[in-house]
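Remarks on the structure that follows.
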Amino acid sequence: MAVHLLFELPELLDLLLPTTCAGCRTGRTQLCPACRTVLSATRAGLAGPQPAPPGLPPLHAAGPYADPVRRLLIAHKERGALRLAGPLGQALARAVRPLLDGRPVLLVPMPSTRRSVRARGHDPTLRLARAAARELRRGGHPVRAAPVLRHCRAVADQSGLTAAQRRTNLHGALTPRPGAARLLTGRHPVLVDDLVTTGATLAEAARALTALGHPPLGAATVAAAVRRTRPGNQPG
């Protein structure tokens, strides 16, 4: 029997391995219909800290960092809820779309350290970037995703640091991977992450790409933990 014609893979997994919704912790599926509706209803808008850190490119977020989106991001990132990559990637794709103008684009995820990838068992931001790229290609946009950047030195734990301290902590911490220039040839980079708080990481990534000769078109995140800025209220 061609079961795959009746169910999508995530739905089959929910049938075989029932669980509670990561967003509201009810039901018997990893993403219940109500939380899926909330996530799919997010609308991309200008976001970012005010004042923005030097070098932060134009930034769009799909929505605010509030439940259930907050819980979904944490479940995907820290608890290995990999089935959430698809719907979260669709939200990220909505944040990327305002930056597209028909030119070939390469989504550049914020790099995870080797230690965090080993601890989590996956690279959550790269997974979201690839899911977003697939969603955008389905809409006819020439978009790919690749891990272009890497850490080149250790950084302190960011929790508890002020925005200025985070910028100092991260400055010079990212560098292009070998072969990055080849990946970027003929494509325009867009920085992507799951969440923006102070914008320090995205600003450092923009610095590294600009030094390589490929300044990013902008940045996009699933959520923003700061007040969103409306187009009419942008700082000068």
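Structure summary
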quantity: Simple spin-label estimate for L82 and R144 in nanometres, 7 Å along Cα-Cβ; calculated: 2.3
quantity: Radius 9 Å from Cβ of H60, net charge of other residues (Lys, Arg +1; Asp, Glu -1); calculated: +2
quantity: Estimated [θ] at 222 nm from DSSP helical runs (n ≥ 4, -39500 (n - 2.57)) normalised by residues in the chain, nearest 500; calculated: -10500 deg cm²/dmol
quantity: Least to most buried among D194, D123, D67, D101 (fewest other Cβ within 10 Å first); calculated: D101, D67, D123, D194
quantity: Förster radius 45 Å - calculated FRET efficiency between A154 and R25 (Cβ-Cβ, nearest 0.05); calculated: 0.80
quantity: Calculated P(r) tail over 21 Å for the stretch 43-230, as whole % of Cα pairs; calculated: 45
quantity: Label-point separation in nm, S116 to N169, each point 7 Å along Cα→Cβ; calculated: 1.1
quantity: Note, ³J(HN,Hα) from phi for the stretch 23-29, Karplus 6.51, -1.76, 1.60, rounded to Hz, x at Gly and Pro; calculated: x, 10, 6, 10, x, 10, 9
quantity: Bridge type composition, the stretch 43-230 - antiparallel percent by DSSP, nearest 5; calculated: 20
quantity: Nearest 10 degrees, 0 to 90: helix 69-78 Cα axis against the chain principal axis; calculated: 80
quantity: DSSP-loop trypsin sites (Lys or Arg not before Pro) across the stretch 115-194, with at most 10 other Cβ within 10 angstrom; calculated: R153
quantity: Anisotropy class of the stretch 64-118 from Cα gyration tensor, a/c 1.5 cut; calculated: oblate
quantity: GNM result for the chain, Cα springs below 10 Å: residue of P147, P98, P111 fluctuating most strongly; calculated: P98
quantity: Under the Debye formula (equal points on every Cα, no solvent term), log10 I(q)/I(0) of the stretch 98-139 at q = 0.32, 0.34, 0.35 Å⁻¹; calculated: -1.15, -1.21, -1.24
quantity: Taking the chain and dividing mean pair separation by its residue count, relative contact order in percent (alpha carbons under 8 Å, at least six apart); calculated: 26
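Read-outs: derived from the displayed coordinates by stated rules, not from any lab. In this text the structure is predicted, and so the values were computed from the model without any measurement. Glycine also receives a Cβ, built like all others from the backbone with ideal geometry; neighbour counts cover every protein chain displayed.
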